[in-house]
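What follows is a set of notes on a single structure, which appears directly below.
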Amino acid sequence: MRKIWVGLGMAFLAGAALAAPSGGKLVECESFSDLGGWVVDPHSMRQIGSSYVMAHGYGKPVRDAVTTAKFPAAGRYAVWARTRNWNAVWTKGAAGRFQVVVDGTALPTELGTNGKDWDWQLAGHVELPAGKAVEIRLRDLTGFNGRCDALWFTTGSETPPNELAALRAWKKKLGQSRFRDARESWDLVVIGGGISGICVAQTAARYGVKTLLLQDRPVLGGCNSSEIRVSAGGAINMGPYPALGNVLREIMPVHGDYVPLPAKFYEDERKEMAFHTHGLPARAVLNQYVYDVEKGDDGRITAVLYRDTRTGEEIRVKASLFCDATGDGVIARLAGCATMYGREGRDAYNEPNAPKKADRQVMGHSIQWITRVDAKPVDFPDIDWGLPITEETVGYVRGGAWWQEAGQYRDMADDTESIRDYGLLAIFSNWSFLKNHAKRKAEWANRAFEWISPIGGKRESYRVVGDYVLTQLDLEGQKKFDDGTAVITWDVDLHFPDPRNEKAFGEPFRSCALHRGYGDPVAVPYRCLYARDCPNLFLAGRDISCSHVAFAAVRVQKTLGMLGEVVGMAAGICKEKGCTPRAVYAEHLQLLKERMTKGAPPRAQYCAFWGGLHEKYHFPDLGFIPIWPHPATNLTPQTVEAIRALKMDHRHKHPLIDGVGELQVK
Ligand SMILES: Cc1cc2nc3c(=O)[nH]c(=O)nc-3n(C[C@H](O)[C@H](O)[C@H](O)COP(=O)(O)OP(=O)(O)OC[C@H]3O[C@@H](n4cnc5c(N)ncnc54)[C@H](O)[C@@H]3O)c2cc1C
């Protein structure tokens, strides 16, 4: 059975244009049958109420997104688009403009010009026939990230609701909500398919834990995927448990660099294929965004609810254990667990690098991008909606880099769209200046964008309080924990908004860093890997329990991947002993240590080597027929004849086949 399920039923998509009782019809854009060059963004689903599509063309209009819909009644329809002018948060003008085209007719309004917030904008009116499939297109006009959530066709005069609760209720009334319970239940559900989540799922399954991995993107890997392109840093197979890292080694790309590379280097398929291992009780399901949890009276999570980012189908899945590997602490926050965000003040843990007073500053979000050099000069629009870049502030850059960072003062989990947008605005503004105005523009004449990440990568977001919070003092004090697991092999690498950039632009889009060593690698305590406030919630990846400063060292992928392996091992113990993550520390720590010492069971080998001097034939319909050491005796004359026809000499003579005994006929 295929174990990666790209959650996308085309039959379902065909039904995505929904008839309203009033004669109106809602068409969700992420459900268009052909997305053309538009990309689906689910990351603000909780804020917007849905995924949306975006024309991510780096300044060149992308191919139309196309679908069809039938309308029950003929008439003159008003067509509304739920959209926004994304750059209006910071600048004048409208970067991402698009039109709706119905049966070949472009409706008059240039959409995406309506204001900085999501709202319905009237595209125009159109006469539609009854019962005939009408073609609907989203036509990008700029290539600069115009976006659309849904289209509403109505013969009435009402504006559709926009406020989130009202919008949800309205969609429900339209029959928009499609909900079902999952057919299977699981031992462990891991939410978030970055390096950490993959390592948890892969390891847990090797201990017989039936594991479901839910990932909201079309590929696995998170920051390490071809969609974001951050290479894995840190070291594996060292410290008190050198066997940690073996699972990571199987799924991690072979090559990496500190700059973004072409897509193939991130080996998305390698991560996906790990879930095809024969007999492994693990499944990864892509394009599924977890938006809610259900809890029992004892505070345990009993189920998570997730939504297909294309079809909108909603599913409830139950399990006895869960793991938050979302990087944003999404599950822990939904479950009401205590979380940490920003920088703890000096008073919290007395850390040398903590600010005097706590604040909500985090390390920023970065959009990776790469360019190419063409044979001829390549134009780029001299945009009038960009940031005011000058010769003093321009970055003479040819691609993405660690210091191109945004969102340091925003909420990484709840303001994801604006943070990504500001990163894009900075890239486009800088590039437009480089190509059109910079003193050294001749050097950039033939250079063109090859790729820009449509989502970008988050360095830091919500961290969840576990039974222990790792701090800078632990690292600098070289603390040896009884429950130490994988070791940290990265400096305290703290990023800050670059003060010069912040002064020039108000909201920063560049950063600088402080590296501070602390001696030898320190092993992260197991107690940082489960939530203090929810009895059955493991933590993996960016949201584990540590202070902001300690996080600056823990956060690299090889460390987080190994910690994911530890969580997988602990989940195996929870299943075997029927215990909670906390009880693994309190009652079964020795067993966890034995597992970390031994390392996760290797992937089942596909291997025709049994050792020894045996001989046996293998016929697809008859199975194995041993010649030696346990000669088959119960052979039909046809089998004997077939084997003799192969004319093989046997090292050990078979009594029946080689004529050294009597033939027993069945
Ligand atoms: C620009 C940049 C440079 C960096 N440089 C380095 C470096 O050089 N070396 C290094 O090792 N590390 C580096 N890091 C840090 C490192 O990439 C991350 O800390 C690490 O990848 C985090 O892994 P993760 O699995 O915890 O999270 P992620 O990789 O963020 O994966 C989490 C996944 O969960 C998914 N998800 C989130 N919410 C939901 C939901 N509700 N439902 C379903 N799925 C969900 C997300 O889409 C994502 O795919 C860098 C990070 C950035 C952004």
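Details
- Distance distribution note for the stretch 4-177: the fraction of Cα pairs above 31 angstrom is 9%.
- With 0.36 nm allotted per residue and the present C-alpha distance subtracted, the Asp117-Glu443 stretch has 113.5 nm of extension available.
- Annotation: amide H of Val293 within the under-5 Å range of Leu305, sequence separation 5 or more or interchain, hydrogens built in the peptide plane.
- Here the Kirkwood formula puts the hydrodynamic radius of the stretch 543-629 at 17.1 Å, using every distinct Cα pair.
- Stokes-Einstein diffusion for the stretch 439-498 at 10 °C, viscosity 1.306 mPa s, with a Kirkwood radius from C-alpha pairs, works out to 94 µm²/s.
- Neighbourhood net charge (13 Å Cβ-Cβ; Lys/Arg +1, Asp/Glu -1) for Thr371: +1
- Helix-only mean residue ellipticity at 222 nm for the chain, each DSSP H run of n ≥ 4 adding -39500 (n - 2.57), per residue, nearest 500: -6000 deg cm²/dmol
- Extension gain, Val660-Ala243: 0.36 nm per intervening residue step, less the Cα-Cα distance, totals 144.9 nm.
- Modelled label reach - Glu269, point 7 Å along Cα→Cβ, the stretch 239-258 residues with backbone N closer than 20 Å: 249-256
- Of the residues Leu138, Leu212, Leu261, Leu334, the one with the fewest other Cβ atoms within 10 Å heads the list, and the complete ranking is Leu261, Leu334, Leu212, Leu138.
- R0 of 51 Å, Cβ-Cβ distance Arg316-Ala375: FRET efficiency to nearest 0.05: 0.40
- Whole-number Å³ per residue for the convex hull built on Cα positions in the stretch 134-255: 230 Å³
- Here the 3J(HN,Hα) profile of the stretch 445-460, calculated from phi with Karplus coefficients 6.51, -1.76 and 1.60 at θ = phi - 60°, is 4, 8, 8, 9, 5, 9, 6, 10, 4, x, 10, x, x, 9, 7, 8 Hz, Gly and Pro shown as x.
- Ordering of 515-527, 305-317 by packing [mean C-beta count within 10 Å, highest first]: 305-317, 515-527
- Efficiency of FRET from Cβ geometry, Ala169 and Asp292, R₀ 22 Å, rounded to 0.05: 0.85
- All Cα pairs of the chain, percent lying beyond 34 Å: 52 percent
- Kirkwood hydrodynamic radius over Cα pairs of the stretch 365-458, then Stokes diffusion coefficient at 10 °C and 1.306 mPa s, in µm²/s: 115 µm²/s
- Peptide packing for 184-193, 30-39, 538-547 was compared via the average number of neighbouring C-beta atoms within 10 Å per residue; ordered from the highest value, the list is 538-547, 184-193, 30-39.
- Placing +1 on the Cβ of every Lys and Arg and -1 on the Cβ of every Asp and Glu, with no other charges, gives the stretch 610-666 a dipole of roughly 60 debye about its Cα centre.
- Long-range amide H partners of Tyr77 with built H, under 5 Å: Val126, Glu127, Leu128
- Phi to ³J(HN,Hα) by Karplus 6.51 cos²θ - 1.76 cosθ + 1.60 over the stretch 30-46, Hz, x for Gly, Pro: 5, 9, 3, 5, 10, 7, x, x, 7, 10, 8, 10, x, 6, 10, 4, 6
- Relative contact order (%) - the chain, alpha-carbon pairs under 8 angstrom, separation at least six: 14 percent
- Degrees between helix 557-577 axis and first principal axis of the chain (Cα, 0 to 90, nearest 10): 60 degrees
- With only Cα atoms counted, the stretch 187-325 has Rg and Dmax values of 15.7, 49 Å.
- Nitroxide proxy distance, nm - points 7 Å out along Cα→Cβ at Phe609 and His650: 2.6 nm
- Normalised by 2.2 N^0.38 Å, where N is the number of residues, the alpha-carbon radius of gyration of the stretch 83-186 equals 1.29.
- At q = 0.14, 0.15, 0.21 Å⁻¹, base-10 log of I(q)/I(0) for the stretch 273-376 (Debye sum, equal scatterers on each alpha carbon): -0.86, -0.91, -1.14
- Cα-based reach from Lys616 at 21 Å (exclusive), listing lysines while leaving out same-chain residues under 8 positions away: Lys647, Lys653, Lys666
- At q = 0.23, 0.26 Å⁻¹ the log10 of I(q)/I(0) for the stretch 610-666 amounts to -0.94, -1.22, computed by Debye summation with a single uniform scatterer per C-alpha, solvent ignored.
- Principal-axis tilt of helix 416-436 within the chain, Cα atoms, nearest 10 degrees: 70 degrees
- Using R0 = 51 Å, the C-beta based FRET efficiency linking Arg76 and Glu587 works out to 0.10.
- Sorting the segments 569-576, 338-345 by their mean number of nearby beta carbons within 10 angstrom, highest to lowest, gives 569-576, 338-345.
- Residue list for the stretch 392-419, given a label point 7 angstrom along the Cα-to-Cβ vector of Val89 and an amide N cut-off under 15 Å: 405-419
- Taken one residue at a time, the phi angles of the stretch 211-225 give Karplus couplings (6.51, -1.76, 1.60, θ = phi - 60°) of 10, 10, 10, 10, 10, 8, 9, x, 9, 8, x, x, 4, 8, 8 Hz. Gly and Pro are set to x.
- Relative to the longest principal axis of the Cα atoms of the chain, helix 589-598 runs at roughly 80 degrees.
- Gained length - Lys60 relative to Lys480, 0.36 nm times residue gap less alpha-carbon distance: 145.7 nm
A short reminder: the numbers here are calculations on the coordinates, not readings from a lab. Small disclaimer: the values here were computed from a predicted structure and weren't measured. Note: ideal-geometry Cβ built from the backbone for every residue, glycine included; neighbour counts use all protein chains shown.
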